[in-house]
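**Q** Quick one: the structure is below, and I'll ask about it shortly.
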Amino acid sequence: AEGRWPTPAPQIPGSASVANPANVDHDQAPTDREVEVRAAEVTSSIHRSVLLKVKQAEKLGMLSLRECRLTKLPEEAMERGLRNLRIVDLSRNDLHQLPES
C-alpha cells in the first residue's frame, strides 16, 4: 500500500542486524546490564571529548568544558601549561569545588 514504510528484511534468529547490532528488543525495558554498558560508553565518550578540549586549550588560550557532566576537574586540566589560560568555562557541570591552584 502507498505511504507505508517498507517491510524490513527478515532476520535469522540469533543474528544481529545493522540497524540493531545487539538484537535488542526495543519493546522491552533495557536490562540493568544494558544500562550499565551504555552508561560506561557515554562516560568514556565524554572523557575522550574532555581530554581533546584540554589538549587544544594551551594553543587556544581558553578551555571550554561547559556541559561536560563533570563532578570534578580532570587532572589533565591542571597541568602547568594550562595555568596561563585567559578564559575557562566550566558552567553547567556538577562541580562543587575547584583546586586552589
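**Q** Take the residues in region 67-78 that are out of contact with any helix residue (DSSP H, G or I) (no Cβ under 8 Å at 6 or more places or on another chain) and open to solvent by 100 Å² or more (accessible area, probe 1.4 Å), then tell me which one is farthest from LEU98 (Cα to Cα).
**A** Checking each candidate, the answer is GLU67.
**Q** With (1) in contact with a Ser or Thr (Cβ under 6 Å, 6 or more places away or on another chain); (2) modelled with pLDDT under 90 as the list, and LYS59 as the residue in question, which single condition is left unmet?
**A** Against the list (1) in contact with a Ser or Thr (Cβ under 6 Å, 6 or more places away or on another chain); (2) modelled with pLDDT under 90, LYS59 comes up short only on (1).
**Q** Residues of region 81-91 being closer than 11 Å to SER64 by Cα and surrounded by 12 or more Cβ atoms within 10 Å (Cβ to Cβ), which ones?
**A** Of everything in region 81-91, those that are closer than 11 Å to SER64 by Cα and surrounded by 12 or more Cβ atoms within 10 Å (Cβ to Cβ) turn out to be LEU85, VAL88, ASP89, LEU90.
The values are calculated or read from the model by the stated rules, or taken from the named source; none is laboratory data. Just so it is clear, the model here is predicted, and its values are computed rather than measured. Heads up, the Cβs are rebuilt from the backbone with ideal geometry, glycines too, and the neighbour counts pull from every protein chain shown. Side chains included, ligands, DNA and RNA excluded: accessible areas come from the protein's heavy atoms. Shrake-Rupley method; radii C 1.70, N 1.55, O 1.52, S 1.80 Å.
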